[in-house]
Amino acid sequence: MSATGQKLKVAAIQAEPAWNDLEGGVNKSIALIEQAAAQGAQVIGFPEVFIPGYPWSIWAHGPIDNASFMDEYFRNSLERDSPEMKRICAAVKEAGVFVVLGYSERYRGTLYIAQSFINENGVIVHHRRKIKPTHVERAYYGDGQGESLQTVVPSTKLPDVRIGGLNCWEHTQTLLRYYEYEQNVDGACYVAVATQVMTRDSFKRCRVDNFAYANNHPEHGGGFSMIYNPWADELVERLDPSKEGILIAEVDLSLKRLAKQNLDVVGHYCRPDQLSLRVNKHAARAVHYAADP
């Protein structure tokens, strides 16, 4: 590591999903990975459930009225072990980047708000699910289990770089964030916020054309992507909330060292003899098998 620290380029994706279109979502994700890599990005973060888009209709309609839409959503959600995911992983390997992909995961009869951490070799080195879906999301998505408490994994090609990821309101889970600090996320910390946008033309397709929340600001789009340094300084120029784009910032990981020398809540500014966190990393199971006699 140089005197100024290791530097790398981080990208946050702000884009409109291919709504309820698995094939279109895979194609668009691959194209965005290729574009970000061509611009020098080494780590790329995607929005929550970018494939097949966030189902805003669940806030606008009840489960019975929305059943047909959500059946379509289920069928266009992405399976972790699937030909579609293999295509994405191959594109990641070809680009030589590290990607945190957010998607609606279809597993058996349940959906999960999932993140796959795909390393530079195109290998899913970690997979996690949002540990508690938010409000009405609970009518459609399952809970992440113990394995989803791991939120940080190392890069394969970038020495000493550790990459973390959480979904949306997981950032309000104080104990989960504390456990992420203990996993030594880089830096202390740089944050890439990646958000979807929804254009007015998509309102009817997404069943929010009569949703007051969406119509209060019909041209806003919902985008608020940004990349912050450990002192919450904005490192890039904001995009128009209704526009697609890729935010890329060069980050200097030596700032992590400086920030943690000042305040390390899992190190020198910690009192584990008085306050500590208990973590259960084992997944709960619906079926348990008795030991053989």
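Estimated at 0.36 nm per residue, the fully extended path between ALA291 and ASN215 surpasses their Cα-Cα distance by 21.6 nm. What you get for the chain, charging only the Cβ of Lys and Arg (+1) and of Asp and Glu (-1), is a dipole of about 520 debye around the Cα centre.
Considering only GLN274, GLN261, GLN39, the Gaussian network model of the chain with Cα springs below 10 Å gives its largest mean-square fluctuation to GLN274.
A Gaussian network model of the chain, with springs between Cα atoms under 10 Å, assigns the largest mean-square fluctuation among GLY222, GLY146, GLY109 to GLY109.
Relative to the Cα centre, the charge distribution of region 1-151, modelled as +1 at Lys and Arg Cβ and -1 at Asp and Glu Cβ, gives a dipole magnitude of about 460 debye.
With each label modelled as a point 7 angstrom along the Cα→C-beta vector, the SER254-ASP143 pair spans 4.6 nm. Between SER276 and LYS86, the simple spin-label model (points 7 angstrom out along Cα→Cβ) gives 4.6 nm.
How much of the accessible area of region 75-223, in percent, comes from carbon and sulfur atoms when a 1.4 Å probe is used?
Solvent-exposed carbon and sulfur of region 75-223 make up 49 percent of the total.
Could you grab the relative contact order for region 29-142? Cα pairs under 8 Å, six or more apart, rounded to a whole percent. This gives 27 percent for region 29-142.
Figure legend: label point modelled 7 angstrom from the Cα of ASN121 along Cα→Cβ; residues of region 135-177 with amide N under 20 Å from it are 152-164.
Considering only THR151, THR172, THR110, the mean-square fluctuation computed in a Gaussian network model of the chain, springs between alpha carbons under 10 angstrom, is largest for THR172.
Estimated at 0.36 nm per residue, the fully extended path between TRP231 and ARG108 surpasses their Cα-Cα distance by 40.0 nm. The distance linking region 145-221 with region 264-293 is 24 Å (Cα centroid to Cα centroid, whole angstrom). Once the Cα-Cα distance is subtracted from the 0.36 nm per residue extended length, the LEU263 to GLN183 segment shows a gain of 27.2 nm.
Between the listed residues ALA283, ILE118, ASN167, the Cα displaced farthest toward the positive end of the dipole of the chain, a dipole computed from Cβ unit charges relative to the Cα centre, is found at ALA283. Quote the relative contact order of region 1-76 in percent (integer), defining contacts as alpha-carbon pairs under 8 Å separated by 6+ residues. Reported relative contact order: 38 percent. Over region 7-262, what is the relative contact order in whole percent, taking alpha-carbon pairs under 8 Å and six or more residues apart? Computed over region 7-262, the figure is 23 percent.
The values are calculated or read from the model by the stated rules, or taken from the named source; none is laboratory data. Keep in mind that this is a model prediction, so the values were computed, not measured. Virtual Cβ from ideal backbone geometry, glycine too; neighbours counted across all protein chains shown. Ligands, DNA and RNA are stripped out before the accessible areas are found, and what is left, the full protein with its side chains, is counted by its heavy atoms. Shrake-Rupley method; radii C 1.70, N 1.55, O 1.52, S 1.80 Å.
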